[in-house]
Every structure is written in C-alpha cells, then in structure tokens.
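The structure appears below as structure tokens.
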Amino acid sequence: MIKNILIPEKIKNYYIFPKRVVGFDIDKTHVTAMQIYLNGNTVTVERCIDEKLETGAQLSHDEKVVNAIKNIVNELDSFDEIYTSISSSHVIFKSLKLPFTSYSKIKGVVEYEVEPLLPFSAADALIDFIVTQEIPEEKSSEVMVVAAQRNAIEQHVAFFEQAGVSPSKVVVDLLSLYSLYKNIPAYADLKGSVVLVDIGFNVSRVAFINDGRLAFVRTIPKGIFSQARELAKLHSVSQTEAAEVIMRFGMEKPDDSSYKDSMEKVASKFWSDIKFTLQSFSSQLQEEVDIEKLLILGQGAKISGISEFSTKFLGISSQLFKVESLIRKSNVKIKNSLTIPSSNIISLAVAFPSEITDKFNLYKMGAGISDANLLNKQLITAAVFVFIIFSLFFVHGYVQVSKLRQEYNASQKEAVDALHKKFVKSREEDELELAVDEAEREVGEKEKWFAFVGKDRFSFLKYLQALFETIDKDALGIKVEKLTVSPADMEMVLDAEVKNYKALRTLVKDLKKNKMFKLETSPEETKFKMNIKLLRNV
C-alpha cells in the first residue's frame, strides 16, 4: 500500500490525526483491554476493562476468549485500531549485535541473521525486532529479535476475527512491557540490573533489564494456579478454592499460622524457579552484576505481602510495578479518575505509544488495514488541499481581473477625457473607440485645410498611439515633462526622465525597433531630451 503520500499520521510522538487505540492482553483466565486516545502530544487513558473468561465445560477455551472479546468491544467507544499482544511462551527471542544503526539496514539483514537459529522453517516464520541499544561510537546496535510461527499468529488473530473485529498489530507482551517501563519516569533512568516479573494464573513472564537495555526474557509455566495446586494438597481443598484463598488473604491469614507456613512453603517453590532464572540470566552476562530492583505486576501483584516475601526470599529489593509517575506526566491524562490495576498493565503497555515498539508488528498481514486507514485520511486531506488551492487561484484571479478592469476603465476614461478636451466639445462619446473615431473624423476634416494634404499624409494620432504602445510606462518608470510635435519637420521632441539607466537602455531599444520612428540622438542621462524622427513610408 502507499504510505505517507501527503501527510504522515504522526511526526515523531505528535499525532497529526487523532486516533483511538485499544490494546488487548489475552490470558488463560482473563482478557484485559485498555482504550487510549491519541491527539497531538496528548495521551488520554479512557477505559480499562478486565473480562474474566466464562467458567464451565459447555464452551471451549477459544469460544470463551471470543465471547470475552465481544463483550469488551461492546463496552468500547468507536476506535480506529486494535493492538494485541501474544504471549512470550509462543515466540523465540534472540539477542543480536549488528554493525548498523540504521533501522532499514537492520531490517534488511535481521531475518538472514536469525534464520539458522530457528527451530522451525524460516518460510513458516514471522520475524521482527526492536532496537535495545545504539552504540554510536562503534556504529553498531543491539537488537532483540522475535520469531513466531505463522500459524500461532493466525490463531491469535482468529479470536478477534470471530468476534467481528480485526487487529492491525500483534506485539509481544514482554516487549510491550519493556517499552512501557522505558516510558515511566520513575524507571526510565534506573541504572544497574532491574527485573520485571509478571505473575499470571498459569504462566509468569520475566524480563531482565541491564542498564536500561532489555537483555533477556523468559516465560515460566508456573503462576498462581501452580501455587494453589500445592496449597490444595496441603489443606485438602480444591485448586479453585485454594486459588481464591490466595487471592483473598495473600501470604498470611489472620489467626491461622498453619496457612502462613503452608503459603511460605508453596511460594518458596515458585520463587525458587524465579531465582534460578535470574541466576541463569546473570551468568550469561560478561560481567558480574547485582540486581538492584525487582518489580512485580500481573494478577500476582494482587497477592497481599508478595513483595515483602520476594525481598526476603531473593535478597533483592522487590516492589509492585507502579504507573503513577507515568500518569503524572504533563502529556498523559486519565479520564474520569480511572485507576489502572496491575492486571491491566500489559494491555496498557500494548496500547501506549512508544518509539521502541512503534514499528514492531508480527501481524504482517494486518499492515494493509493500517495502511488503508492512513490512505483514507491522506486522500481526505488531499481533497481538502486541492479545494483550498483552487479556491485561492479563483480568488487571486478574481482580484487580478478586478484590478485590471479598474486600470482599464481609468485609462479609458483618461484617454476619452483627453480626446474630448482636444477635439470634441460634446461629452456624448464615453467609449474610447468611439472617441478615437470621432477625433479622427475631426482631424480628417481639419487636414483638408492643410497645404500638405496627400495620400501619404500620416495621422499624427497614429504616431502618438505608436509611441504610447512602445513605451512600457510601469516598467520604465517614465515621467514625461513635455512632448513637442513638429508636423512640418516630421519630428517629436520628448522631454522626460526614467527611473534608471537600465530603463533608459530599454526605452532606446524599444524605440529603435519601432519602424515608425528614427532616433536622431540617443540620450546618455536618465533625464533627457530626445529627438525622434517620424517616418512617412511605413
């Protein structure tokens, strides 16, 4: 499709065309969505929706997801685009260092570089990347490459198509989370190593950020339900009941020390896997690093006391992931004092504009949808501009014609007045052509009394007319002080002044070209007296 044929949708972070975007995050038990309105530099968070999947065995999981998406869409305002995130568990991550800083050059080689590393056919892969660090002094870039099987993306997109909508972009949950992290003032400039842990019901996602650069990502197939399963065994209850207790009481239940001991036991098993993952990440770095901070989000962030337990178990300062400093930015607005729960942070990250993930899109088929929307806006703008341009041409032409008409009428009146004053006593003639005809008739009558009447007698009015047509009054800036005509000598003497020497040369040149005149002298000063011989046989 044709892109940016007239005006781009946005310039850097400034949206020329207002746009409403909805970001989706699909989990095993919930579908969350965030509606954002983009206008100029302003980002307005308008709606935050968390739709729990239906329970029961009557519907398949896919059907439950489709119904959840339908319910969310019915709650949304009219939107322009849908962005959705696919789970990190469905993609492969590869970190590469390339000797380029140009995005187009990186894009041209990244598929070739990552192809030998894929566990599936490159023809069946959808590949994209984000730039995690530019190194100007080395003229190189570090990139995080993502590869997904085409059928995984198509199955994900099918949820929306069955719900009657079409996403224009598919991103990856952890990449979107990283881009949001870099947009939050409280986190953007953190040095050292920071870990993001998104705890869901079935899976947990871990992102390792080193000196502001996304270094590693991993999905762990454990979450709240895995802990609930262990707790259910210890207390002889169902997994569902255990999960409800965990979400209600967290790490400690009042007046029940056995629950606290059991919860610490099952939580330790979960956090041991997190600890092993962090040790694995640290060992892959070329230098020894200490993790400065661990940020917890997702459904697990709702568990009371989880950050305190994580701090104690891992020996790493742990906090809940907060977006307060983001929504306090001058260009970010929250509609109707909306609160953003930790479970909706990923959907917020998917919809929130970021230069990091702006060009990232695993749904290559969906690019045409975005292009079509952009093309429609550009064609509308083009039509408006064409209308404005033609309107300006019309107005300009009308003004110029009006000026010329006024000048013509003034000149005609001046000529008529001059002719009437010289030849015609009656003021009945008010047209220049009629006045000239009347004057010529009167001159013809008077010429009969002259001694030099003959066939070769030339009306001096024609000499005057020729002189008037030859001289470009406006261009030369000529000021005539006196014009003397001598019929006996067939000569004119012109006392005048022009604005500069260039105009003087132009005047002499134009008079020499006219076959009715012959210059007796060529003036050398801008104020001059010029003898012009009048030729009979022309």
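The values are calculated or read from the model by the stated rules, or taken from the named source; none is laboratory data. Remember, predicted model here, so these are calculated numbers, not experimental data. Neighbour counts are summed over all protein chains in view; Cβ atoms, including those assigned to glycine, are modelled from backbone coordinates with ideal geometry.
Looking only at the stretch 60-77, decide whether some residue is modelled with pLDDT of 90 or more, over 18 Å from Gln162 (Cα atoms) and out of contact with any His (no Cβ under 7 Å at 6 or more places or on another chain). Yes, the stretch 60-77 contains a residue that is modelled with pLDDT of 90 or more, over 18 Å from Gln162 (Cα atoms) and out of contact with any His (no Cβ under 7 Å at 6 or more places or on another chain). Contact map, the stretch 274-302: residues that are at positive phi paired with residues that are in a helix (DSSP H, G or I) and of a type in the set (S, T, N, Q), Cβ distance under 8 Å, separation 6+ or inter-chain. Pairs shown: Gly298/Ser342; Gly298/Ser343. Candidates Ala207, Ala242, Ala232: the one that is free of Cβ contacts under 8 Å to residues at least 24 places away in the same chain and in contact with a Leu (Cβ under 6 Å, 6 or more places away or on another chain) is Ala242. Consider the stretch 84-95 and keep the residues that are under 12 Å from Leu175 (Cα atoms) and among the small types (Gly, Ala, Ser). The one that is surrounded by the fewest Cβ atoms within 10 Å (Cβ to Cβ) is Ser87.
Of all the residues in the stretch 329-354, those that are part of a loop (DSSP other than H, G, I, E, B) and of a type in the set (S, T, N, Q) number 4. Annotation note: Cβ proximity below 7 Å between a residue of the stretch 139-168 that is at positive phi and a residue that is β-branched (Val, Ile, Thr) and surrounded by fewer than 16 Cβ atoms within 10 Å (Cβ to Cβ) (sequence gap 6+ or interchain) occurs for Lys139/Thr101.
Quick check: anything in the stretch 365-383 buried (at least 19 other Cβ atoms within 10 Å of the Cβ) and modelled with pLDDT of 90 or more? No: the stretch 365-383 contains no residue that is buried (at least 19 other Cβ atoms within 10 Å of the Cβ) and modelled with pLDDT of 90 or more. Identify the residue in the stretch 1-19 that is closer than 17 Å to Asn331 by Cβ and assigned to a loop (DSSP other than H, G, I, E, B) and, among all such residues, is modelled with the lowest pLDDT. Out of the qualifying residues, it is Lys12. In the stretch 49-80, the qualifying residues are those that are among the acidic types (Asp, Glu) and farther than 19 Å from Leu348 by Cα, and the one that is surrounded by the fewest Cβ atoms within 10 Å (Cβ to Cβ) is Asp62. Scanning the stretch 180-196 for residues that are more than 29 Å from the chain's Cα centre (by Cα) and surrounded by fewer than 18 Cβ atoms within 10 Å (Cβ to Cβ), we see that the one that is farthest from Phe352 (Cα to Cα) is Gly192. For Ile199, the stated conditions hold: it is within 38 Å of the chain's Cα centre (by Cα), among the hydrophobic types (A, V, I, L, M, F, W, C) and farther than 30 Å from Glu134 by Cβ. Residue count for the stretch 228-252 under the criterion of being within 51 Å of the chain's Cα centre (by Cα), surrounded by fewer than 15 Cβ atoms within 10 Å (Cβ to Cβ) and under 15 Å from Phe270 (Cβ atoms): the result is 0.
The one condition from (1) at pLDDT below 90; (2) crowded, with 17+ Cβ neighbours inside 10 Å that Leu98 does not meet is (1).
Listed here are the residues, each with its yes/no results for (1) among the aliphatic types (A, V, I, L, M); (2) in contact with a helix residue (DSSP H, G or I) (Cβ under 7 Å, 6 or more places away or on another chain).
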site	(1), (2)
Val217	yes, yes
Glu230	no, yes
Val237	yes, no
Met247	yes, yes
Lys265	no, no
Trp271	no, yes
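Under the condition of being buried (at least 20 other Cβ atoms within 10 Å of the Cβ) and touching a helix residue (DSSP H, G or I) at 6+ places or on another chain (Cβ under 8 Å), the residues counted in the stretch 202-214 number 8.
Counting just the residues of the stretch 142-179 that are in a loop (DSSP other than H, G, I, E, B) and within 25 Å of the chain's Cα centre (by Cα), which one comes out surrounded by the fewest Cβ atoms within 10 Å (Cβ to Cβ)? So, considering only residues that are in a loop (DSSP other than H, G, I, E, B) and within 25 Å of the chain's Cα centre (by Cα), the one surrounded by the fewest Cβ atoms within 10 Å (Cβ to Cβ) is Ser166.
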